[in-house]
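Shown next, in structure tokens, is the structure this report addresses.
The values are calculated or read from the model by the stated rules, or taken from the named source; none is laboratory data. Because the structure is predicted, anything quoted here is derived from the model rather than measured. When we count neighbours, we look across all protein chains shown, and the Cβ atoms used for this are built from the backbone with ideal geometry, even at glycine.
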Amino acid sequence: MLTSGQSGKTGRRSSMERIIFETAVQYEPSRESQHSDPCCDLSEGGLYIRTNYPFDTDETLTLSFSIPQQEQDVSISCQARVAWTNFETNRRKTVYPSGVGVQFLDLSCEDLTELSKFIGAYDENKKMNIVCAWCGSNLGLRNGPFGKTSHGICRQCREQLN
Ligand SMILES: [Zn+2]
């Protein structure tokens with residue numbers, strides 16, 4: 001029973017931080033085939049690939065994907081290990097589509113830096129909209145599930161209530 005992130009490395013709390021991020025992942029399960037499928041979550045330790053390719057746990061693959069950075073997209077490629085599988089026959093995370101969770105094996109220092117920069121910055125954007133419950137005016141953003149809306153009260157409405 002292996003779960004992702006249990007690689008024995010300690011002291012990297014942020015490697016467990018996962019973001020919901022969609023990007024295409026190119027990977028080669030074997031020399032003769034190359035696949036491209038969307039990934040749907042990403043951490044410094046690994047990612048989840050949406051696939052129906054019959055991977056087995058502990059299989060290794062070569063993968064590459066790119067993450068958007070300020071100047072230009074950064075391409076990341078490395079060897080990865082299938083940490084867990086999530087297919088019709090062994091559904092472990094029903095909220096996820098069929099696929100596999102993979103663990104990065106040989107991420108370069110540069111790639112890891114880019115990845116952690118991206119994940120850190122991405123988390124900053126994970127904000128929910130706050131609108132005034134009385135008049136519906138926009139009150140800005142607050143930490144929370146990205147894209148969700150919560151309610152507050154604007155200054156004008158509060159003054160009218162007083
Ligand atoms: Zn208001």
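Quick notes on this structure:
- On inspection, residue 106 qualifies as away from the ligand (no atom under 16 Å from the Cβ), among the acidic types (Asp, Glu) and either outside any helix (DSSP H, G or I) or under 30 Å from residue 90 (Cβ atoms) (or both).
- Residue 136 vs. criteria out of contact with any strand residue (DSSP E or B) (no Cβ under 8 Å at 6 or more places or on another chain) and within 30 Å of residue 157 (Cβ to Cβ): yes
- For the range 128-151, filtered to residues that are surrounded by 15 or more Cβ atoms within 10 Å (Cβ to Cβ) and modelled with pLDDT of 85 or more, the residue that is farthest from residue 20 (Cα to Cα) is 134.
- The listed residue being at pLDDT below 90, surrounded by 17 or more Cβ atoms within 10 Å (Cβ to Cβ) and either touching a Phe, Trp or Tyr at 6+ places or on another chain (Cβ under 9 Å) or more than 17 Å from residue 122 (Cα to Cα) (or both), out of 49, 76, 67: 67
- Residue under evaluation residue 115, criteria (1) at pLDDT 95 or above; (2) more than 18 Å from residue 57 (Cβ to Cβ), criterion not met: (1)
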